[in-house]
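The values are calculated or read from the model by the stated rules, or taken from the named source; none is laboratory data. These numbers come from a predicted model, not from an experiment. All Cβ positions, glycine included, derive from the backbone under ideal geometry; neighbour counts span all protein chains shown.
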Amino acid sequence: MPYPQYTNRRHAGVALAMALRELRLEDPLILALPRGGVPVGREVARALHAPLDVLLVRKIGAPGHEEFALGAIVDGPEPNWVVDEQMLERFDPPPEWFEQQVLEELRELERRRVLYRGSKAPATLEDRDVIVVDDGLATGSSVRAALKGLREHHPHRVILAVPVGPAETVEKLREQVDELVCLETPTPFRSVGDHYRDFHQLSDQEVIDLLNK
């Protein structure tokens, strides 16, 4: 097992910001995936002098094996979701189970929207360079859902930026964005957490505090 590349998510965000500085950005907006992407996104936003907002996405995990994503759902006026057909076939949950999970995750997205944003309206995306930030990629289901929802808002460019992820997932997502920055694609790849010394589960309060700063 190699030594973790990153001390914590803040360290990863600083490294990611250095790489993003090389891009010529037009009115950039940082959209972080809560919860883990927020401390990474905050460092990117600080370095690029860009605003930070959250992009609310929820993974739909397989029954009894939540680490395996069967799909994901992204918040918005008309919520979007994606399904991983291969994983769905592998676990073969009953159809009503998946529909129930979508409803539950929609309720959780609404809870987080109120908690993280309050009455504040989401940032305007049209004609901006939107940088989607997370603490890492695994299957990519959450990010695929996020990207699907973003295109409807007509950004100038969509850039996906992550510290680490498996090469196969990175290549699949590359064709869905205008630019993709991934600092590390280690082989073999087991989990995002393996590449952080501190990968603790963030609380809602930590996310709120970071956004308020």
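For the reader, a short list of remarks on this structure follows.
- Subset of segment 194-213 (residues that are touching a residue at least 24 places away in the same chain (Cβ under 8 Å), surrounded by fewer than 18 Cβ atoms within 10 Å (Cβ to Cβ) and part of a helix (DSSP H, G or I)): 194, 204, 206, 208
- Some residue of segment 8-23 being surrounded by fewer than 16 Cβ atoms within 10 Å (Cβ to Cβ) and of a type in the set (S, T, N, Q): no
- Listing of helices (runs of 4 or more DSSP H) fully contained in segment 85-193 that carry 2 or more residues being surrounded by 22 or more Cβ atoms within 10 Å (Cβ to Cβ) and at pLDDT below 95: 141-150
- Checking residue 79 against (1) at pLDDT below 85; (2) farther than 18 Å from residue 147 by Cβ, the condition it does not meet: (2)
- Positions within segment 52-73 being among the small types (Gly, Ala, Ser) and crowded, with 17+ Cβ neighbours inside 10 Å, in sequence order: 61, 62, 69, 71, 72
- Which listed residue, of 12, 72, is hydrophobic (A, V, I, L, M, F, W, C), outside any loop (DSSP other than H, G, I, E, B), touching a Phe, Trp or Tyr at 6+ places or on another chain (Cβ under 6 Å) and on the phi < 0 side of the Ramachandran plot: 12
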